[in-house]
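One structure is given here, and the rest of the page talks about it.
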Amino acid sequence: MMDSQNKSSIRLNVAQLLNKMITEGNFKPGQRLPPERKLSQLLKVGRSSIREAIRTLEIIGLLESRRGSGNIVMCRPADIMTTPYGLSEQPADNEIMEILETRRALEFESVRLAAEKINIKQGKILQCFIGEMQIANCEAVAMAIEDGFHRQIVEFSGNRLLLSHYNKIVLMTNTIKKAEGNNIFSTYRYHKQMLKIHSELCDAIVAHQPLPAQVALESYFQILMQSRRK
């Protein structure tokens with residue numbers, strides 16, 4: 001039962017349940033999720049677990065939290081297979097590189113905008129991600145934190161269209177991970193180097209310096225593209 005599990009397991013279970021409900025069409029794209037109180041009663045877990053699960057689904061792009069509107073369903077996991085891109089179930093190397101190149105282009109503009117617009121509160125959020133990267137003790141945790149950090153930058157760009165496209169890229173990436181294995185985009189063997197790069201990226205954005213931020217981002221993508229392993 002959920003009551004006997006630790007908080008992390010509860011959060012993941014709740015996230016999986018919500019993900020299943022979205023996949024099965026109980027909540028459709030553009031629809032608002034029920035309030036946390038109702039979800040808590042429906043799933044028989046605490047509201048804090050609901051909030052953490054929603055945050056998990058935000059990170060992978062299935063939900064978007066909008067002030068005054070609640071938590072909005074962005075797309076279903078299966079929708080990525082019906083986009084104009086037409087990603088196959090067994091993507092070829094050129095498809096994988098195209099996804100990385102597209103993500104790179106989106107993030108370059110997002111980094112520039114984030115560096116121009118970021119406020120003190122948002123800067124502290126990015127710095128918290130860096131702190132979590134420093135204490136990450138396994139590959140899965142490190143990769144999840146890294147993914148969340150990059151999505152947060154796109155969100156702080158203030159451009160909802162960029163964020164929407166980025167979420168689709170994330171879903172494509174997750175599709176590839178499922179097809180070829182979770183380690184396909186792993187950078188954990190470069191952990192110390194990546195920590196330095198992400199620290200520089202964070203510092204540049206917080207200091208409102210777009211060019212140094214983009215230089216750090218380029219270093220990140222150079223390693224990411226080189227680290228793709230079979």
Quick test for you: out of I184, I205, pick the one residue that is assigned to a helix (DSSP H, G or I), among the β-branched types (V, I, T) and modelled with pLDDT of 80 or more.
I205
Looking at Y85 and the list (1) at pLDDT 90 or above; (2) in the same structural domain as L171 (by TED's automatic domain parsing); (3) in a loop (DSSP other than H, G, I, E, B), which single condition is not satisfied?
(1)
Hits in the range 127-153 (condition: not hydrophobic (A, V, I, L, M, F, W, C) and not in a helix (DSSP H, G or I)):
N137
Would you pick out the residues in the range 8-62 that are more than 21 Å from Y166 (Cα to Cα), part of a helix (DSSP H, G or I) and among the charged types (D, E, K, R)?
R11, K20, E36, R37, K38, R47, R51, E52
For residues that are surrounded by 21 or more Cβ atoms within 10 Å (Cβ to Cβ) and either not small (G, A, S) or not in a helix (DSSP H, G or I) (or both), tally how many sit in the range 208-221.
2
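The values are calculated or read from the model by the stated rules, or taken from the named source; none is laboratory data. What you see is a predicted model; the values in this text were computed from it and never measured. Heads up, the Cβs are rebuilt from the backbone with ideal geometry, glycines too, and the neighbour counts pull from every protein chain shown.
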